Each structure stands twice: as structure tokens, then as C-alpha cells.
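The structure appears below as C-alpha cells.
Computed from the coordinates by the stated procedures, all read-outs in this text should not be read as laboratory data. Everything numeric here is computed off the predicted structure, so don't read it as measured data. Here Cβ is always computed from backbone atoms with ideal geometry, including for glycine, and neighbour counts include all displayed protein chains.
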Amino acid sequence: MSVRSRHHGWVSATAVSWRLLIHRFSFVFFLSLSLGLLVVGHGQPKMAEGVRTHVMDSLAPILDALSRPMAVATNVMQHVKDYVNLQRENERLRAENAQLLQWQNVAVALENENKGLRALLNYKTESNLAYISARVIADTGGPFVRSLVVTAGKVDGVREGMAAMTGEGLIGRVTEAGNWSSRILLMTDMNSRIPVTVAESGDHAILAGDNESTPKLLYLPQDTNVKSGDRVLTSGHGGIFPPNLPVGVVSRASSGAYEMTPAADLGRINQVRLVDFNLVGGAFNPIASKIETDTKKN
Amino acid sequence: MFPAVWSRIEQGARRILPLATALLFILIGVVAWPIPYLGAVAPSLGLVAVYYWAIHRPDLFHLPSVFLLGVLQDAIHFLPLGLSALVFVAVHQLALSQRRFFAGHAFHMLWTGFAIVAVAAMLCNWLILSLYNGHGVAFLPVLLQTALTVILFPLPAWVLIRLHRAALSQG
């Protein structure tokens, strides 16, 4: 072997070992950086929140564009399903309409009675409602987190802590509000805690998510007589949500364990309403406010 | 002059293809699909891309990009920042160390290798997140997501193989 080729061999061997060394160093560096980020993020949740909000805001237009074909597909599937079930759905709606008309009479009567009683007590309600409709652009859950990203942010009036609802009931609350997008933490997430009341018994509890489809009712009184089928409403304690928003129905009440099935189908959410109840004194009455809003519209 | 500029742009586009597809896979993975309850167990497409490009084009898919993709995935998925970054960096290293074994063999070997990597990534994710939260997080959804990712692996892998052959086979 010539001197030149031996020299060339030595040079390439050195280059390879250097490359290997640099690669190993960068592997250890980025592994340590990831661990460092985990530790810093644990101690400084606000910093992590800032990063997440900026990332989501930057990616929101791309996610919006990517989710549009999915939204169209969902609509088409829904239209086909509706067409197939047209007659059955019509019959069901007629029956439901008759029932709802009866309930409307009851609601109007109760509203009048409420107004009279409030006038007697000189009671003032201050519930400046603000509804913001938003489309779900990302189901960012995965197996560890239950959250959604929607196309409304601070520029639309969204604030952290707002209640997120569908037509059926509460689904969670806004945990991060970017300028153009917001993140909703669903009530089934393991970090979600919502103060609730069981309508039938009047018992207070904390609705705690655990990443399963049915969150748990914790801290019910020892002598509670909560049973399956009882309605669960927000209690309003803690000032996060106003009272009496529908949350779900008790689905399991045995051997000291209580679970609730959410009123809204959390697996099929396409549109949400973010509700700012502006809790400045007074109690919120959803029926009264709805009637008030409808009256204003008309 | 114009063809030279065009050629340079084309070359640049080819060079960023692995990173761009990995980013796109991460975004597609979180889009609200019209399939109820998919969100909780949606396959981890980002993991597929990291594994595939670490084996086939590590020269165009470096650790800093992998780390940033992981941070991005954490930010999108509302996970502790650094969790996916750590898993992606580890998967990149693991796949790279075994690339001679996986790259030269039939597709089923690539698939088997991915199954091993996916299970290791799942355990790593679950363990770190349980430690992070101070209690064991639900295991069943993690298991379902891993199973779905492994079962559906041929689909995203097929897309990556086609792109790889079309754009980078001479690169």
C-alpha cells in the first residue's frame, strides 16, 4: 500500500470517528435539552403555555385549511344520514315539538312567577351574555389529553376560563386563548375539575376527569342518595361557571363510586359555543336569559 | 440563469422533503376527522415519519429538526414540552443505530422494527407522563393508540416510500 493511500485511509478514518463523536454528542445534548425542557416546563407552566399558544396561533390557518375537507365530509355524511332517516326523524320531532310546547308554557309561567318574586325582593340579575361560535379545527387529544382547538381567539373576545358548550350541555372550558385560536380542555381530561350539583338530591360534588369517557363525581356526602339517571348541573362554586348549566347524567352509583355520562357527545364535536357569563353579582338563569335573548332578537 | 435558479429551488425542496412530510404528518394527525372518538386513539403519524426518515435519509433528517418536531408535537397535543421531543430523539437514535439491518430488508422487517420502536415509545411516554403527573395515567387509550399506529403503519409508510422514490431516490 502506498504512503498516499495509507494517508488517505487515516484521514477518512479520523473523519468518520469525528462524525461519530459529534453525533453522539448531539444525541446526548438534545436528550438533555428535552429533559431540561420537561423540568423547566413543570416549574414554569406559564412559559410552556406561552409557547403552546404561539405555536397554535401560527399553525391555526394551516389546521383550518386541512380541517375544511374533513368538515365537508362530515356534513355530506350527516346529510345522507338525515335523508335516510327523514320520515322517522320527522315523527320524532313532531312528538318532541308537542312536548316542548308544553314545556314552553311551563317555562313562561315560571318566568313570570320569577319576575314577580324578584320584583318583590328587589333582586337584580346582571348576566351580560356573550356567545362566540367557533369551529373545531383540531382534536389534539391523543391518549393522554382531552382537548380541542377552535377557530376563535382573543380578537373575537375569547378569554381563558370561558365555558365551552354544545347544544346539549357543557363540554369544558377555555384553558389557553391565543389571538386567533383557543384550546378547550374537555371535562373528561385528567386535569379537569368542575364543581357540580346533583339536581335531584341537591348534593354538591367535584366532577373529576380521568381521561375515560365517564368522569367521576368526587366528594359527595357520605349519606348521599344519588342514583343513576340523576341530572348533574354546574354548581357555580368557585366562580368559574355559573350555576345550573346542564353537564350530564349520573350513569353509575354503586359501592361508593359515582360516574357521570356527559350530556354532550364529546366524541363528535364540530362546533362549539364559548360563553362569557360575565359573573358580576346575581345568579344566572339560562332559561330567563334565553328568553331575554330571543325577545331582543325578535 | 432561470433554469439554474429553478434547479436550486428544486434541490432545496428535495432536501427539506423529510422534514416537511414529518411536519405535515404531525398536523394531519390532529385534524378533526369525521370519525367519532378517533381523537383519543388517533395513530401517531409523526412517529412513523421520524422512524422512516431516520432509517432511509438520516443525512436530510438531523437531530435538531427531530427535536423541534417533538417540541411542536408537544405544543399541539397539549403535552408537557419536551416529552415528544425526548421520545423522537430517542427513536431517531434507535432507528439510526439499526438502519443497516432495517433498510436492506423486506417491508415486513421495517414493520416489525417499527412495532418494537412504537411499543418502546409508548412505554416511555406513559412512564414520563405518569411521573410528571405524580400518578399513573390511563393505560388503555395508550395501548389502543399504539396498536392502531402499528396496524396502520403500511399506509403512511407507503406514502413516504412513494415520495422517497419519486423525489429522493437519486439524492
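Values computed for the structure shown
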item	result
Charge dipole (debye, nearest 20) of chain A; +1 at Cβ of Lys and Arg, -1 at Cβ of Asp and Glu	1220 debye
In the range A:195-250, the trypsin sites (Lys or Arg not before Pro) that fall in loop regions by DSSP, at most 14 other Cβ within 10 Å	A:LYS227
The range B:37-116: relative contact order as a whole-number percent, Cα under 8 Å and 6+ apart	31 percent
Debye intensity ratio in log₁₀ form over the Cα atoms of the range B:43-99, taken at each q of 0.20 Å⁻¹	-0.62
Net lengthening on full extension, B:ARG8/B:ILE35 (0.36 nm per residue, minus Cα-Cα)	5.6 nm
Span per principal axis, largest first, for the Cα atoms of the range B:2-168 (Å)	59, 33, 32
Cα centroid separation, the range B:125-151 to the range A:18-91 (Å)	17 Å
Peptide B:82-93, shielding by other chains (average Cβ, 10 Å cutoff)	5
Residue with peak Gaussian network fluctuation, chain A [Cα springs, cutoff 10 Å], from A:THR224, A:THR53, A:THR166	A:THR224
18 Å Cα cut-off, lysine pairs counted over the protein assembly as shown (separation 8 or more, or different chains)	6
Computed helical MRE - 222 nm, the protein assembly as shown, DSSP H runs ≥ 4 contributing -39500 (n - 2.57), nearest 500	-18500 deg cm²/dmol
Debye, to nearest 20: dipole size of the range A:130-284, +1 on Lys, Arg Cβ, -1 on Asp, Glu Cβ	260 debye
Protection proxy ranking of B:69-75, A:248-254, A:17-23 - average other beta-carbon atoms within 10 Å, highest first	B:69-75, A:248-254, A:17-23
Chain B: relative contact order as a whole-number percent, Cα under 8 Å and 6+ apart	25 percent
Top of A:THR151, A:THR14, A:THR140 by mean-square fluctuation, Gaussian network on chain A, Cα under 10 Å	A:THR14
Directionally averaged projected area (convex hull, Cα atoms, chain A), nm²	26.3 nm²
Per-residue mean of C-beta atoms belonging to partner chains within 10 Å, peptide B:40-46	3
Estimated dipole of the range A:15-146 in Debye, rounded to 20 [Cβ of Lys and Arg +1, of Asp and Glu -1, Cα centre]	440 debye
Percent RCO, i.e. relative contact order, over chain A, from Cα pairs under 8 Å lying at least 6 residues apart	16 percent
Shape of the range A:196-285, Cα gyration tensor, a/c cut at 1.5	oblate
Residues in the range B:32-74 that a label on B:ILE161 would reach, taking backbone N under 17 Å of a point 7 Å out along Cα→Cβ	B:48-57
